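The values are calculated or read from the model by the stated rules, or taken from the named source; none is laboratory data. On a predicted model such as this, the values are computed, not experimentally measured, just so you know. Cβ atoms come from the backbone with ideal geometry, glycine included; neighbour counts cover every protein chain shown. In case anyone asks, the SASA skips ligands and DNA or RNA and just uses the protein heavy atoms, side chains included. Shrake-Rupley method; radii C 1.70, N 1.55, O 1.52, S 1.80 Å.
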Amino acid sequence: MPESDSGAPPRVVLVTAAALAVALAVAVAVFALTQRSSSDTAGPLPLVAVPAPFSGSPGCTALLAAVPSELTSNGTSLKVRELAAPAPPATVAWGVDDPLVLRCGLDRPPELTQTAALRLVNGVQWLQVPGEGASTWYVVDREVYAALTVPDSAGTGPLQTISDTVAAKLPARPLKF
């Protein structure tokens, strides 16, 4: 029985168009994945230096020698990132798009008062100072002050991991106001 003339395009044209649409979608997905993986290898991270008068202290040396080479944030592994020269002393960063930054040897944060709300994370007392798109968490109960800047998009994993490292390497001390 011959095909009736319904005005629709021939079946070969429809199959070819569908195949082209699928091929285009695959090409776009491959391009997006390729772009993402190339951005994972971003160059050195430029950071502004902040006063860190105690960055050469034994506490900072011990802490920085013990930090992990990777942190997990929301199920994503963040690798240590190279810092652009001149790199601030006693500083480590992880991740590409919204990096986490740990600085050691800082002055006492001015927000640390007797009425400041502190949080205990894995045995370490932290002072959270919210910022634009990120919070900086200060270790306030150790021999040196350290600060971990965490983007709002990060999970709690990095803070917990760094708390474990701080607790293992730096003994707790009474708070100083």
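Quick notes on this structure:
- Test: residue in the range 76-92 that is modelled with pLDDT of 95 or more, open to solvent by less than 70 Å² (accessible area, probe 1.4 Å) and in a helix (DSSP H, G or I): no
- The numbered conditions (1) in a strand (DSSP E or B); (2) at pLDDT below 95 are all true for L102 except (2).
- All of L127, L159, L112, L175 fail the test of being open to solvent by less than 60 Å² (accessible area, probe 1.4 Å) and within 13 Å of V101 (Cα to Cα), apart from L159.
- Within the range 119-173, the set of residues being part of a helix (DSSP H, G or I) and either touching a residue at least 60 places away in the same chain (Cβ under 8 Å) or on the phi > 0 side of the Ramachandran plot (or both) comprises G157, P158, T161, I162, T165, V166, A168, K169.
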